Amino acid sequence: MSVGLCGAAFAATVLAAPALAQAPTNEHGGWDLKGSGTDSRFRGLAAVSRDTAWAAGSKGTVLRTTDGGASWRDVSPPGAAELEFRDIEAFDGRRAVVLAIGEGEASRVLRTADGGATWTESFRNTDPKAFYDCMTFFDRRHGLAMSDPVDGKYRILSTGDGGRSWKVLPSDGMPAAQEGEAGFAASGQCLVSSGPRDVWLATGGAARGRVLHSADRGRTWTATDAPIPAGDPARGVFGLAFRDRTHGIAVGGDYRADRPSPKAAATTGDGGRTWTPSAQPPPAYRSGVTWLPGSRTTALAVGPTGTDVTADGGRGWRTVDTGSYDTVDCARDRSCWASGEKGRIARWERDQGPDAGRN
């Protein structure tokens, strides 16, 4: 089966399913909770393959599985219990970089090259005005991390050696931030990249939610208003996903459980220069989103009230699961993972996963 047909088959499967329970096991498939053995909240997730995944979360917790979630190894950095990990980027089962958020020195970056047996702190923020939210890598060496505005502009941190060292990029090419504007450290997806140089930054909290784009690895940026409502510290664009340098999806809304999010998703076909509201958006706030690798049309979005799938590139969404998840990620082999509150980590299961039936 071709990659495109595999994506279409996955979409057809989940779109044909009724609203599913939190850990669906029927013939239609769905998320299968894997039993992490902890109550940490995992907003950081890195899907390496069907067998290997990393999760990073509260209380300085980092977990790793190499057997498809049948067992999890606690590979948390020593002395990290006071840290809040909100993003993790993994290159394989041994190498990963994790981001801790917070004001001042609470914002840190640590890396491991031995599956979490040892960790090295490669960056600790010393500016009390900075608060780092998200991180992304273009390849195994080049990556960026972003902080909420410092002196009126978002701050960008850059590495060219796989996270071993970091430097703050000049802010000359960064547009001015709006009053009250910030990123949301909700899913590790407020800063995402596609290809060797393109990167996008999601914002909220101000009068308008925006998406900023850089085509030169974070040195110069342009800003575009997004149709996802903002105007409040709890509202805006929370997560982004790009399947290439032009086609992207934005999700968000209002994270407060008692507030509606009527326009929780939008799409772009021009690299983020313009955004169009989804004709049939998810029914509530969504914090995480990912494309099914190899598919031009299929993506998943997650939030505290459920999981939605699109089969038309983000224009229309349908809820396929009602469990609570904060973030979602699919590996190159088209295996998909999700994680969230109370230690929840799950892998999508249908026969042998969303890539089942591939020849």
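The values are calculated or read from the model by the stated rules, or taken from the named source; none is laboratory data. Not measured: the values here are computed from a predicted model. Positions of Cβ are backbone-derived with ideal geometry, glycine not excepted, and every protein chain shown enters the neighbour counts.
General remarks:
- Candidate set: segment 112-139, residues that are among the hydrophobic types (A, V, I, L, M, F, W, C) and within 17 Å of the chain's Cα centre (by Cα); chosen: the one surrounded by the fewest Cβ atoms within 10 Å (Cβ to Cβ): F138
- Summed over segment 248-275, residues that are of a type in the set (G, A, S) and loosely packed, with under 14 Cβ neighbours inside 10 Å total 1.
- Residue that is farthest from the chain's Cα centre (by Cα), among those in segment 62-111 that are closer than 22 Å to R141 by Cβ and without any contact (Cβ under 8 Å) to a residue 40 or more places away in the chain: R94
- Filter pass, G102 being modelled with pLDDT of 95 or more, surrounded by fewer than 22 Cβ atoms within 10 Å (Cβ to Cβ) and within 30 Å of K129 (Cβ to Cβ): yes
- Output for segment 306-334, where each listed residue is assigned to a loop (DSSP other than H, G, I, E, B) and among the β-branched types (V, I, T): T322
- Residues of segment 182-204 that are at negative phi, of a type outside the set (F, W, Y) and part of a loop (DSSP other than H, G, I, E, B): G183, A185, A186, S187, Q189, C190, P196, R197, T203.
- Failed condition for F42, given (1) farther than 27 Å from M146 by Cβ; (2) under 15 Å from the mean Cα position of the chain (by Cα): (1)
- Summed over segment 193-227, residues that are buried (at least 21 other Cβ atoms within 10 Å of the Cβ), farther than 19 Å from P149 by Cβ and not polar (S, T, N, Q) total 1.
- Residue satisfying condition, being within 21 Å of F238 (Cβ to Cβ) and of a type in the set (D, E, K, R), within set R94, R124, R155: R155
- Picking from residues in segment 249-268 that are touching a residue at least 40 places away in the same chain (Cβ under 8 Å) and not in a strand (DSSP E or B), the one that is farthest from G316 (Cα to Cα) is A257.
- Residue that is out of contact with any Lys or Arg (no Cβ under 8 Å at 6 or more places or on another chain), surrounded by fewer than 22 Cβ atoms within 10 Å (Cβ to Cβ), among the hydrophobic types (A, V, I, L, M, F, W, C) and modelled with pLDDT of 95 or more, where the choices are A21, A80: A80
- When residues in segment 276-295 are screened for being crowded, with 23+ Cβ neighbours inside 10 Å and more than 16 Å from the chain's Cα centre (by Cα), 4 of them pass.
- Among the residues making up segment 335-359, those that are part of a loop (DSSP other than H, G, I, E, B) and modelled with pLDDT of 95 or more are S335, G340, E341, K342, G343, R344.
- Only residues that are within 22 Å of the chain's Cα centre (by Cα), farther than 26 Å from A96 by Cα and part of a strand (DSSP E or B) were counted across segment 140-181, and they come to 1.
- The sole residue among T290, T305, T276, T246 that is touching a residue at least 12 places away in the same chain (Cβ under 8 Å) and under 17 Å from A47 (Cα atoms) is T290.
- Screening the candidates F91, F42 for the property of being crowded, with 21+ Cβ neighbours inside 10 Å, at pLDDT 95 or above and of a type in the set (A, V, I, L, M, F, W, C) yields one hit, F42.
- Considered as a group, the residues in segment 141-160 that are surrounded by 13 or more Cβ atoms within 10 Å (Cβ to Cβ) and out of contact with any strand residue (DSSP E or B) (no Cβ under 9 Å at 6 or more places or on another chain) include one that is nearest to A55 (Cα to Cα), and that residue is K153.
- Qualifying residue in segment 240-247 (condition: among the basic types (K, R) and surrounded by 24 or more Cβ atoms within 10 Å (Cβ to Cβ)): no
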